[in-house]
Amino acid sequence: MRQLAITLLTFWTISVYGQDYPFAKTFIDGTIILKDSTQLKGQLKWYPHQNEKLKFRVSENAEIKKYSPEDLISFTTDTLKFVSLFDLEVYSDNYALLGKTSKIKHTFGQLLDSGSFNIYFVLITGVDAISGAIQPYPNFYFEKKVGNNYVSAAYPFAMRMKEKKYEKAKDNLYTFFKDYPQIIEKIKSYKKQDDFFEIIDLMKKEN
């Protein structure tokens, strides 16, 4: 079952995001940044699941240590950067089935862009209620600082569900991007068959 989950995950990351996460299958070169800002270079492996710890070793034959998001600020591999995220409200199996968001304690999210707001790509793993199969639920996750607090919003990506649920999920984006009328207009016209990356590109320009 676990190998099947990894295979499914790899397929989904290639097909919905245009890239593979090689560290889901094997150790690759990378750097982790601990909570005290210490940087350690070595090899890492992480199966993208909100409950999985990152495995790290300084060399091939060295001891393997495990780190949760609480232990790290971030990790990088080649051109990819992942950041520890906490207390997320995202779209996953509960939303696809019941129309309800899910609260996730923590996970690592891929940082796509930063500035006035941060843009992340997050994979949440859940179970398809109909097939019973393990399935990744991709989200775009947005975060910004307002005063002394951080606010966030998520949006489901490439999930098998009806258009009306994608429309309902836009509500939080309207609030989050209220100061960006061009982004709001683009979101309003978006349909699930459209290319959401056009909106991401616009967000990067506005950021």
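Apply 1/(1 + (r/R0)^6) to the Cβ-Cβ distance of D194 and D78, taking R0 = 30 Å, and write down the FRET efficiency to the nearest 0.05.
On the way: r = 30 Å, r/R0 = 0.99.
Efficiency, from the Cβ-Cβ distance: 0.50.
So which residue, out of G147, G109, G30, gets the largest mean-square fluctuation from a GNM of the chain using Cα contacts under 10 Å as springs?
The residue with the greatest mean-square fluctuation here is G147.
Can you return the aspartates and glutamates within cross-link range of K103? Criterion is Cα-Cα under 15 Å, with same-chain partners fewer than 8 residues away left out.
The qualifying aspartates and glutamates are D87, E89, D93.
So for the chain, averaging the separation of alpha carbon pairs under 8 Å that are six or more residues apart and normalising by length, what relative contact order in percent results?
Here the relative contact order equals 13 percent.
How much length, in nm to one decimal, is gained on full extension between K165 and E89, taken as 0.36 nm per residue of separation minus their Cα-Cα distance?
That works out to 25.8 nm of additional length.
What distance in nm separates the simple spin-label points at L98 and K205, each placed 7 Å from Cα in the Cβ direction?
Those two pseudo-labels are separated by 4.1 nm.
Let's see if you can work this out: charge +1 on each Lys and Arg Cβ, -1 on each Asp and Glu Cβ, no other charges. What is the dipole magnitude of the range 68-137 about its Cα centre, in debye to the nearest 20?
120
Going by how many other Cβ atoms sit within 10 Å of their own, how do S92, S131, S116 line up, fewest first?
Numbers: S92 26, S131 8, S116 11.
Fewest to most other Cβ atoms nearby, the residues stand as S131, S116, S92.
Compute the distance in nm between two label points, each set 7 Å from the Cα along the Cα-to-Cβ direction, one at N51 and one at Q39.
So the two model labels end up 3.5 nm from each other.
Using the crude model of +1 on Lys and Arg Cβ and -1 on Asp and Glu Cβ, and no other charge, please compute the dipole size for the range 2-158 relative to its Cα centre, in debye to 20.
220
The chain: longest stretch without exposed trypsin sites (Lys or Arg not before Pro) (DSSP loop, at most 12 other Cβ within 10 Å), sites themselves excluded?
36-99
Quick one: angle between helix 2-17 and the longest Cα principal axis of the chain, in degrees between 0 and 90, rounded to 10, please.
50
Using a 10 Å Cβ count of at most 15 others and DSSP loop calls, identify the longest part of the chain lacking such GluC sites (Glu not before Pro). Don't jump to the answer; show the numbers that get you there.
Values: sites that count: E60, E63.
Longest stretch, sites excluded: 64-207.
Holding the Cα-Cα limit at 32 Å, pick out from K65/K170; K25/K204; K45/K164; K45/K165; K45/K178 the pairs that are longer than that.
Listed pairs above 32 Å: K65/K170; K45/K164; K45/K165; K45/K178.
Could you give the distance between the Cα centres of the range 138-155 and the range 168-184, to the whole Å?
12
For the range 2-158, build the charge dipole from Cβ charges (+1 Lys, Arg; -1 Asp, Glu) around the Cα centre, then report which of S37, G147, A24 sits farthest towards its positive end.
Checked the options; the winner is S37.
Any idea which of Q110, H49, S74 is furthest toward the positive side of the dipole for the range 26-114, if Lys and Arg beta-carbons carry +1 and Asp and Glu beta-carbons -1?
Comparing the listed Cα positions along the dipole, H49 ranks first.
In this model, which of K105/K205; K100/K205; K145/K188 are farther than 26 Å apart at the alpha-carbon?
Values: K105/K205 31 Å; K100/K205 31 Å; K145/K188 24 Å.
Too far apart for the 26 Å limit: K105/K205; K100/K205.
To the nearest 10 degrees, how steeply does helix 197-206 sit against the main Cα axis of the chain, on a 0 to 90 scale?
Value to nearest ten degrees: 90.
Can you give the calculated 222 nm mean residue ellipticity of the chain, where each DSSP H run of n ≥ 4 adds -39,500 (n - 2.57) and the sum is split over every residue, rounded to the nearest 500 deg cm²/dmol? Write down the numbers at each step before the final one.
Working: 6 runs with 54 residues, N = 207.
Estimated from H runs of four or more residues: -7500 deg cm²/dmol.
Rule-based calculations on the coordinates, nothing more; no lab input. Given the structure is predicted, the values throughout are model-derived calculations rather than measurements. Here Cβ is always computed from backbone atoms with ideal geometry, including for glycine, and neighbour counts include all displayed protein chains.
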